[in-house]
Amino acid sequence: MGAPILQVRGLTTRFRTDRGELTAVDDASFDVDRGETVAIVGESGSGKSVTALSILRLIPSPPGRIAAGEVIFEGRNLLELDNASIRDIRGNKIAMIFQEPMSSLNPSLSVGIQVAEPIHEHRRTPWAAALEKATELISRVRIPDAQSRLASFPHQYSGGMRQRIMIAMSLGCAPSLIIADEPTTALDVTVQAQILDLLKQITKETGTALMLITHDLGVVARYADRVIVMYGGRIVETAPARELYKSPRHPYTVGLLTSVPRLDGDTGQRLIPIDGQPPDLARLPPGCAFAPRCRAAIERCHHERPKLEPVSPTHQKACFVDANLVQ
Amino acid sequence: MKTYVARRLLALVPTLFFASLIVFVTVRLIPGDVIDLMLSQNDVSASKLTRDQLVAALGLDRPMWEQYGRWMGGILFRGDFGQSLWQSVPVSELLLARMPVTLELGLLALIVALIVAIPIGVYSAIRQDTTGDYIARSFSILMLAVPSFWTGTMVMVFPSIWWGWSPEVRFVPFTENPIQNLKQMILPAIILGTALSAVSMRLTRTMMLEVLRQDYIRTAWAKGLSERLVVARHALRNALIPVVTLIGVQAPLLIGGAVIMEQIFVIPGMGLLLLDAVYQRDYPIITGVFLVVGVAIMLLNLVIDLSYGLLDPRVRYR
Ligand SMILES: Nc1ncnc2c1ncn2[C@@H]1O[C@H](COP(=O)(O)OP(=O)(O)O)[C@@H](O)[C@H]1O
Ligand SMILES: [Mg+2]
């Protein structure tokens, strides 16, 4: 595999709110290898989007700030780059696809301009040539009649089509990493698989690494090489996808998996698995964030915070409880 | 699009009909009578005639509806707005001479307003809550609070007291000497324009702040664009749509302001024409000015509605 393309170390992102400062991502560390698909799973509010946005320094500030950590990409810490250098990464080396296709495209710019824009800005390609490249990309995401679509506007498209355009836009500069933040959550179930298949196929062909954020376990099973499970802003377990399914070690992951009827089931299965409410990030307990909802919790879980520790060379978990008890 | 414009123009007809009727009647209800005025001034033409002869000569002895009918008929069939009651000059001639001057002043003021409002509004939004933003916002409140007739008067009075400088009183038309003309027009245009810019500036700022929070702006950042491109290419166009609407709403204000500026700076536009006509109860001129201004405002609003299509591709004209 070689060196990982992205190394996140101790990433901590905080938000100032009227209820005090909360830690949306707490000391997260993980790698993404060249060409692999890493899924980040977790309930809504567990810090998945904030993790993704922090990598490209897109956290709105105020109220947010990246309080600690490193994001090493191509040997450089993205968190320390000056503005011009981070701009040179965004949309060029690392592209991002967002959850809301309906609102993530500019309503007053033509589709052609929006797809061609990163090529024009990063590669200094003249508009005419960039638009030609955009035509290729638009047919690549299987939108028929690409040439005549250049002059059309986002409002003329359905959500699924817009997400295809977002994908086309992300491919313009042949990035080595694409971060897709719940790219299908807002779409019809029937369209979801099409979009994910497309994304998977294109990243495979181009050898692009994919960070796929989702709260849909069916997606994880079908598309991911490796899985990172987040809870309350922390990574609680990470393992190769097969291994995670076979032998989950964190009670939260177990809860997630048992709530899914079939492991390789259809996409569309949402995570509303475990009794109780997701944690309030502004009022986290001193111990494990999951302890209040955990059936396996022991005394220690309530006042000591478990660290992410290896169970095997590829598998890590943050839990005090004996793995056998969890099963 | 063509049918849309045609329908909009057609819709102007009843509006203008009622507007003209109201203006025609109310003008004649202004207290004070043009005949008394003429007789009291011992005007040469008046002194020779008795009161009844004068009334008959001016056509004011006819019933109101007949006067209106003749007046409207003249405009519709011959482009004839009637004669001034005082000078025997066709009103249309006066209007044609004065209109370009007021249009020029209004246009210049509008340009000044936009040049001031949009950049400062944008700056205020992208540097929200900085010192620059506070200064810009205080400036706009000041512009709102200080009436332009006061600023205008100060500009006329103080420089002449301090430096013995005063604006040229003899008006030079644009066609005669553009540079000299612009020198005369720029001061009233700046005073009127900055006064108008206050509201547009605040609206630009508000809309920019709103647009900058949108998902597609985050997309633009994620593409690696510079702040300049994010603002200019992705945000501004979407933020300007309501600002353009505001310009349409402000048009009557602009014309009202132009009347005052013409008065202060002695610029022979329609404002000055109207004011003199009101003093003299010169009904045909008053109604003529109102009619022309009304048409101008309605056309301006049509142009503004059409310009939405350039800013927002979702707009369809049906
Ligand atoms: N702009 C913001 N202002 C304040 N808090 C925020 C903001 N964005 C995210 N957060 C906090 O971070 C938490 C995690 O959000 P997010 O990463 O979006 O969750 P998800 O896992 O659903 O993507 C949220 O519950 C919220 O408390
Ligand atoms: Mg999210």
Inset, instruction - Evaluate the charge dipole of the protein assembly as shown about its Cα centre and quote only its size in Debye, nearest 20, assuming +1 on the Cβ of each Lys and Arg and -1 on the Cβ of each Asp and Glu. - result: 840
Legend entry - Inter-site label distance for B:Val169 and B:Leu182 at 7 Å from Cα along Cβ, in nm: 2.7
Inset, instruction - Hey, could you grab the Kirkwood Rh for chain A? Inverse mean 1/r over distinct alpha carbon pairs, Å, one decimal. - result: 20.5
Inset, instruction - Counting other Cβ atoms within 10 Å, keep those with at most 11, restrict to DSSP loop, and tell me which trypsin sites (Lys or Arg not before Pro) in the stretch B:134-221 are left. - result: B:Arg170, B:Arg213
Legend entry - Gain in span if fully extended, A:Asp322 to A:Ala67, counting 0.36 nm per residue against the direct Cα distance: 88.5 nm
Legend entry - A:Arg9 versus B:Leu29: modelled label distance in nm, points set 7 Å from Cα along the beta carbon direction: 8.4
Inset, instruction - Go ahead and collect, in residue order, the members of the stretch A:174-198 whose backbone nitrogen is under 18 Å from a label point 7 Å along the Cα-Cβ direction of A:Asp88. - result: A:174-177
Legend entry - Antiparallel content of DSSP bridges confined to the protein assembly as shown, in %, to 5: 65
Legend entry - Residue-count net charge about B:Leu21 - beta-carbon cut-off 15 Å; Lys, Arg +1, Asp, Glu -1: +1
Inset, instruction - Starting from the Cα gyration tensor of the stretch A:1-103, take the square roots of the eigenvalues, sort them a ≥ b ≥ c, and report rounded, prolate or oblate (rounded when a/c is under 1.5, otherwise prolate if a/b is larger than b/c, else oblate). - result: rounded
Legend entry - Shielding by partners, peptide A:96-106 (average Cβ within 10 angstrom, other chains): 4
Inset, instruction - Only loop residues by DSSP count here, and only those with at most 13 other Cβ atoms within 10 Å; note down the trypsin sites (Lys or Arg not before Pro) in the stretch B:47-131 that meet that. - result: B:Lys48, B:Arg127
Legend entry - Distribution of pairwise C-alpha distances over the stretch B:144-233, 10 Å bins, in %: 14, 26, 21, 17, 16, 6
Legend entry - the protein assembly as shown: Cα Rg divided by the 2.2 N^0.38 Å rule of thumb: 1.37
Inset, instruction - Between B:Leu142 and B:Glu210, take the C-beta separation as r, use R0 = 30 Å, and let me know the FRET efficiency to the nearest 0.05. - result: 0.75
Legend entry - Longest DSSP-loop-exposure-free segment, trypsin sites (Lys or Arg not before Pro), chain A, at most 16 other Cβ within 10 Å: A:143-261
Inset, instruction - Please label the shape of the stretch B:143-195 as rounded, prolate or oblate, based on the square roots a ≥ b ≥ c of the eigenvalues of the alpha-carbon gyration tensor (a/c under 1.5 means rounded; beyond that, a/b larger than b/c means prolate, else oblate). - result: oblate
Legend entry - Estimated dipole of chain A in Debye, rounded to 20 [Cβ of Lys and Arg +1, of Asp and Glu -1, Cα centre]: 80
Legend entry - B:Leu299-A:Ser158 pseudo-label distance in nm [points 7 Å out on the Cα-to-Cβ vector]: 4.8
Inset, instruction - Pull out the extension gain between B:Trp150 and B:Val278, defined as 0.36 nm times the separation in residues minus the alpha carbon to alpha carbon distance; nm, one decimal. - result: 43.8 nm
Inset, instruction - Report, largest value first, the span of the C-alpha coordinates of the stretch B:60-212 along each principal axis, in whole Å. - result: 66, 45, 28
Inset, instruction - Rounded to the nearest 10 degrees, what's the angle between the helix B:270-280 long axis and the longest principal axis of chain B, both from Cα atoms, 0 to 90? - result: 30
Legend entry - Peptide A:89-95, shielding by other chains (average Cβ, 10 Å cutoff): 3
Inset, instruction - Could you calculate the contour length gain from A:Arg123 to A:Glu74, that is, 0.36 nm times the residue separation minus the distance between their Cα atoms, to one decimal place in nm? - result: 15.8 nm
Legend entry - Projected area, mean over directions - the stretch A:125-282, Cα convex hull, nm²: 11.5
Inset, instruction - Determine the sum of side-chain charges near A:Gly276: Lys and Arg each +1, Asp and Glu each -1, restricted to other residues whose C-beta is under 12 angstrom from that of A:Gly276. - result: -1
Legend entry - Cα-based equivalent ellipsoid of the stretch A:78-156: semi-axis lengths in Å, sorted from largest, via gyration tensor: 24, 16, 11
Legend entry - Whole-number percent relative contact order across chain A, with pairs defined as alpha carbons under 8 Å at least 6 apart: 20
Legend entry - Cα-only radius of gyration and Dmax that characterise the stretch A:36-189, units Å: 16.1, 47
Legend entry - With at most 12 other Cβ atoms within 10 Å, longest stretch of chain B clear of loop GluC sites (Glu not before Pro) (DSSP): B:1-167
Inset, instruction - May I ask for log10 I(q)/I(0) of the stretch B:1-117 at q = 0.10 Å⁻¹, from a Debye sum over the Cα atoms as equal point scatterers with solvent left out? - result: -0.49
Inset, instruction - Given the options A:Pro118, A:Pro63, A:Pro310, state which has the largest fluctuation in a GNM of chain A using a 10 Å cut-off (strictly under) for Cα springs. - result: A:Pro63
Legend entry - In Hz, Karplus ³J(HN,Hα) per residue of the stretch B:2-16 (6.51, -1.76, 1.60; θ = phi - 60°; x = Gly, Pro): 5, 5, 4, 4, 4, 5, 4, 5, 5, 5, 5, 4, x, 4, 5
Legend entry - Under 5 Å, built H, 5+ apart or other chain: amide partners of A:Val25: A:Thr13
Legend entry - Estimated FRET transfer efficiency (B:Asp61, B:Arg228; beta-carbon r; R0 60 Å; 0.05): 0.30
Inset, instruction - Go through B:Ala19, A:Thr184, A:Ala282 and say which Cα lies farthest out towards the positive end of the charge dipole of the protein assembly as shown; charges sit on Cβ, +1 for Lys and Arg, -1 for Asp and Glu. - result: A:Thr184
Legend entry - Within a Gaussian network of chain A (alpha carbon springs, distance under 10 Å), most fluctuating of A:Ile66, A:Ile167, A:Ile143: A:Ile143
Inset, instruction - Quick one: among A:Asp145, A:Asp18, A:Asp216, which has the greatest mean-square fluctuation in a GNM of chain A with alpha-carbon springs under 10 angstrom? - result: A:Asp18
Inset, instruction - Report the chymotrypsin sites (Phe, Trp or Tyr not before Pro) located in the stretch B:217-318 that are in a DSSP loop and have at most 15 other Cβ atoms inside 10 Å of their Cβ, or state none. - result: B:Tyr317
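Computed from the coordinates by the stated procedures, all read-outs in this text should not be read as laboratory data. This is a predicted model, so every value here is computed, not measured. Cβ coordinates were reconstructed from backbone atoms using ideal geometry, including for glycine residues, and neighbour counts include every protein chain displayed.
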